[in-house]
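What follows is one structure encoded as C-alpha cells, with my remarks underneath.
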Amino acid sequence: MNRTPIGITKFTTIRVSMILLVAVIVHTTIASAQTNRIVPKVSTSQSFLDFADQLELSPKQKQEAQELQGQIELTKQQLSKANATNTPPDVVREIRLDSARKLRMLKGQLTAILSDIQREKYAELRHLPASNYENTKNTETASENLISTEPSGLKVKIRPLLSDDKARQLAGELRQIYSDTPAHWPAPNLDETVKPYFVEIGLLPPVAYPTSNVYTDLKAELGKRLFFDPRLSGSGQIACASCHDPDLAWTDGRTVSFGHARKVLKRNAPMILNAGQLRTPFWDGRVNSLEEQAMAVLNNEDEMRSGAELVQSRLLSIDGYTNQFATVFGSAEPTIGRVVQAIATFERTINSRANAFDNFLRGDTNALSDSAVRGLNLFRTTARCINCHNGPNFTDGRFHNEGLSYYGRKYEDLGRYIVTHQAEDVGRFKTPSLRNVSRTGPYMHNGLFELDGVLAMYNAGMPNLRPTPKQKDDPLFPKKSPLLKPLGLNSQDLADLKAFLESLTEAKFHVRPPESF
C-alpha cells in the first residue's frame with residue numbers, strides 16, 4: 001500500500017500545521033467582529049477611544065469599541081506565542097502575515113462603529129484628511145466580518161452580540177426552559193448520522209460492574225493499593241497514579257506522559273474519572289475493558305515494562321500483599337490476572353462528585369450562572385458540541401477525525417487505524433468526556449492545546465486537510481469528520497460556552513495513597 005513517508009524535510013509542505021496554529025492563535029481575535037457595516041481601511045496604532053469625549057461616543061459605541069480593542073491587544077499577545085522554539089519558522093511567517101491582515105481588519109471595524117460625522121471629526125483629531133478614508137461602500141470589505149476556514153473558503157457570519165439587557169433576558173428565559181425535564185428542552189442540533197445513537201446529557205447512572213469481575217469492598221481496597229504502587233513497574237518507579245494522579249484530576253497535567261526510563265510517550269494521559277462508564281479505554285479504543293487496559297499498560301515496553309512473572313515474583317515477596325490476595329481471591333497467588341481485576345475494580349469507584357450542572361439538574365435552578373445557562377443552550381444547539389459530547393458522561397464513546405493526525409509528518413499519529421487497519425479510521429480518536437474538563441488540560445490526544453484554543457478551533461471548524469501532490473492518490477490520507485463545521489460564535493458565545501464547561505468542574509477531593517507494605 002502506498003504511503004507518504006513519515007518525516008519532515010526542508011521543503012515539506014506543512015499546510016495543516018499552519019492552518020491549525022493560525023486557528024488557535026489568530027482566529028479568536030475575529031470572533032467578536034459584530035458589525036455589519038462596511039469597514040474603511042485605517043492604518044493606525046491609536047484608537048478613537050482616546051477621543052471618546054470629543055467624538056461624543058454613545059455607551060453602545062464604547063462597549064463595541066472596547067470589545068474590539070481588547071481583541072486587538074489579545075491578537076498581539078497571542079502572536080508572540082508563535083515565536084516558541086517548537087514552531088517551524090515558515091509557520092511563524094504565515095502566522096505573522098495572517099495576523100497583520102486580521103489586525104488591519106479589526107482596526108477597520110473599530111472605525112466602522114463611528115457615524116460619518118464622527119469619522120470626519122476623528123480624522124481631524126488625528127490630523128488626517130477625511131479623504132484618506134475610502135468610500136464606505138467599498139465592496140472589498142463587505143465580507144470582512146465573515147469567518148473563513150481556509151483553505152476551503154467556506155464562510156459563516158459571526159453571530160451578533162447581545163446587549164447586557166438582552167443577554168440577561170435570554171438567560172432568564174433559558175433558565176426557566178432548562179429547569180424543566182430534559183424531555184421539554186429545546187431540540188438539540190444534531191446531524192442525521194448522530195440521531196440513531198444520540199443520548200441526552202444528564203446525571204450519571206450507577207456503574208455497572210462486570211459479572212466476570214464482581215465488586216467487593218476488599219477487592220477495591222486492594223486495587224487502590226496496587227494503583228499507587230510503583231513496584232508493579234519494571235523500573236520500580238512508575239505506578240498507575242504516575243499518569244493518573246488524583247491531585248491532577250486523574251491525569252498527569254503533561255502534554256504527553258513519561259514512560260519507562262523517562263521516555264516521552266506519544267499521547268496525552270486521559271483522565272480516568274468515570275472510567276467505569278466507558279465502553280473502550282485508550283484514545284484509539286484498542287481494548288474493551290479496564291482489566292485489558294491495565295494489562296496492556298503493565299506489559300507495554302515503553303510504559304510500565306512489567307509482566308506476569310515480574311509482578312507475581314515481586315508481590316509474593318511482600319507478606320502484606322499475599323495476605324490481602326488470600327482474603328480477596330481465596331488464595332495468596334498474586335497473579336497478573338488478579339492484579340488487573342483489583343485495579344479495574346478500584347478504577348470503577350472513581351466517579352464524579354457534585355458539580356454545578358448536576359446540582360442544576362437536581363433542582364437547584366440557581367446553580368448555573370447566567371453565562372453558563374446560555375452556554376448550556378449553545379452546547380446543545382448552535383455550537384453543535386452535543387453531536388459528539390452527548391450522554392451523561394459527555395462522550396459518545398465513538399471515534400472522530402478532527403484534523404489533528406499530522407499525517408505524513410514527524411508527529412504523525414494514525415489513531416484508530418492502528419487498531420482496525422481500516423482507511424476510514426486514519427486520524428480518528430475517541431471522544432473524551434467533558435466532566436471536570438477545566439482541570440484536565442492540556443487537551444486533545446497530543447496534549448497541545450488549552451481550553452480557549454480548543455474552543456477557537458472548533459469555532460473555525462477545525463483545520464481542513466489538503467493532501468500534498470505526493471499524497472493526492474494516497475488511499476490512507478485522512479478525512480476530517482463531517483460533523484465539524486464553522487460556527488460563527490461571537491466572543492460572548494465563546495465565554496458562555498466556556499462557563500458551561502466550567503460548570504462541570506467538581507469540588508476537589510483529596511485521595512490519600514495507602515501506606516506501602
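The values are calculated or read from the model by the stated rules, or taken from the named source; none is laboratory data. None of the values given here were measured: they were computed from a predicted structure. We place every Cβ from the backbone using ideal geometry, glycine too, and count neighbours over all the protein chains shown. Heavy atoms of the whole protein, side chains included, go into the accessibility calculation; ligands, DNA and RNA do not. Shrake-Rupley method; radii C 1.70, N 1.55, O 1.52, S 1.80 Å.
Summary of computed values
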item: Distance between modelled label sites at residue 248 and residue 424, nm, 7 Å Cα→Cβ extension; result: 3.7
item: Relative contact order (%) - criterion: Cα under 8 Å, at least six apart; region: segment 321-480; result: 17
item: Probe 1.4 Å, all protein chains present, accessible-area order of 219, 107, largest first; result: 107, 219
item: Solvent accessible area, Å² - residue 166, 1.4 Å probe, full protein context; result: 130
item: For residue 307, residues with placed amide H under 5 Å, excluding near neighbours; result: none
item: Links that overshoot a 23 Å alpha carbon limit, given the list 410/479; 102/485; 121/157; 60/107; 107/166; 410/472; result: 121/157; 107/166
item: Amide H partners (placed H, <5 Å) of residue 201, local residues excluded; result: 391
item: Carbon and sulfur %, accessible surface of segment 413-517 computed with the full protein complex present, 1.4 Å; result: 53
item: Per DSSP, loop GluC sites (Glu not before Pro) in segment 168-212 with at most 12 further Cβ within 10 Å; result: 192
item: Probe 1.4 Å, all protein chains present, accessible-area order of 245, 50, largest first; result: 50, 245
item: 3J(HN,Hα) from dihedral phi, segment 280-287, Karplus parametrisation 6.51/-1.76/1.60, rounded to Hz, x for glycine, proline; result: 9, x, 6, 4, 9, x, 7, 10
item: With all protein chains modelled, accessible area of residue 477 [1.4 Å, Å²]; result: 30
item: Of the chymotrypsin sites (Phe, Trp or Tyr not before Pro) in segment 322-379, those whose Cβ has at most 15 other Cβ within 10 Å and which sit in DSSP loop; result: none
item: Heavy atoms of residue 170 accessible to a 1.4 Å probe, total area in Å² rounded to 10; result: 60
item: Cleavage-rule hits (GluC sites (Glu not before Pro)) in segment 253-349: DSSP loop, at most 13 neighbouring Cβ within 10 angstrom; result: 301
item: Linear extension gain, residue 409 paired with residue 364, 0.36 nm per residue minus alpha-carbon span; result: 11.2 nm
item: Hull-based mean projected area of segment 302-406, where the convex hull spans the alpha carbons, in square nanometres; result: 11.8
